[in-house]
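The values are calculated or read from the model by the stated rules, or taken from the named source; none is laboratory data. Quick caveat: nothing in here was measured; it's all calculated off a predicted structure. We place every Cβ from the backbone using ideal geometry, glycine too, and count neighbours over all the protein chains shown. Keep in mind that these areas ignore ligands, DNA and RNA; they rest on the heavy atoms of the full protein, side chains included. Shrake-Rupley method; radii C 1.70, N 1.55, O 1.52, S 1.80 Å.
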Amino acid sequence: MTVTLVEVVGDREAYLDLLLEADDSEAVVRLYLDDGLLFEIRDEDRLVGEVLVLREDDAIEIKSIALYEAERGRGIGPRAIAEVVRRARGERVARVIVGTADSAPDTIAFYRRCGFRDAGVREGFFDAYPEPVLVDGVQAHDMVLLELRLDDPA
């Protein structure tokens, strides 16, 4: 399995459904749809997901990452994260950051397995969404921030 990132150039509207796999609110996704760099995640020649990244001072933020449901659990996610990290090293940033819902323990565990560490909480972040954000029936309120320091040898 070869996982690659291919930059999306032009209209991003075709990726909206996939972006909604990672963020429940279409209104919120539309706020950042045209920001940063959007990449297709490809396994060999097949589109299997997307990742949208933003440059923030000394960091690359993974704003959105999603795989089609049929592609999950096959090791593609960690490989895609590794490719984001490889590219971030080339940008000479100090860290890669990501935020996720406090009600998503599986997602938090995934990032920890990829080497990310806890970096804080944005209290009430999801309370500002137009509709409640639910993960497995549990309402999200806070955003859990995680980071991978690129100067950390661990």
#### Entry: Whole-angstrom Cα spans of region 33-72 along principal axes, big to small
34, 18, 17
### Message
Full-extension gain between residue 14 and residue 127, please, as 0.36 nm times their residue separation minus the C-alpha to C-alpha distance.
### Response
37.9 nm
### Query
Where does the chain land at 222 nm, in deg cm²/dmol rounded to the nearest 500, when only DSSP H runs of n ≥ 4 count, each adding -39500 (n - 2.57), divided by all residues?
-6500 deg cm²/dmol
#### Entry: Heavy-atom accessible area per residue - region 1-88, 1.4 Å, Å²
51
### Task
Return an integer: the convex hull volume of the alpha-carbon atoms of region 1-64, in Å³ per residue.
93
### Task
Please sort by residue number the trypsin sites (Lys or Arg not before Pro) in region 36-139 whose DSSP state is loop and whose Cβ has at most 14 other Cβ atoms within 10 Å.
72, 74, 92
### Task
Could you grab the relative contact order for the chain? Cα pairs under 8 Å, six or more apart, rounded to a whole percent.
20
### Neighbour cut-off at most 13 other Cβ (10 Å), DSSP loop, GluC sites (Glu not before Pro), region 16-107
44, 91
### Query
So how far apart, in nm, are the two label points at residue 91 and residue 44 if each is 7 Å from Cα heading toward Cβ?
3.1
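Run the accessible area of region 65-154 with a 1.4 Å probe and give the carbon-and-sulfur part as a rounded percent.
48
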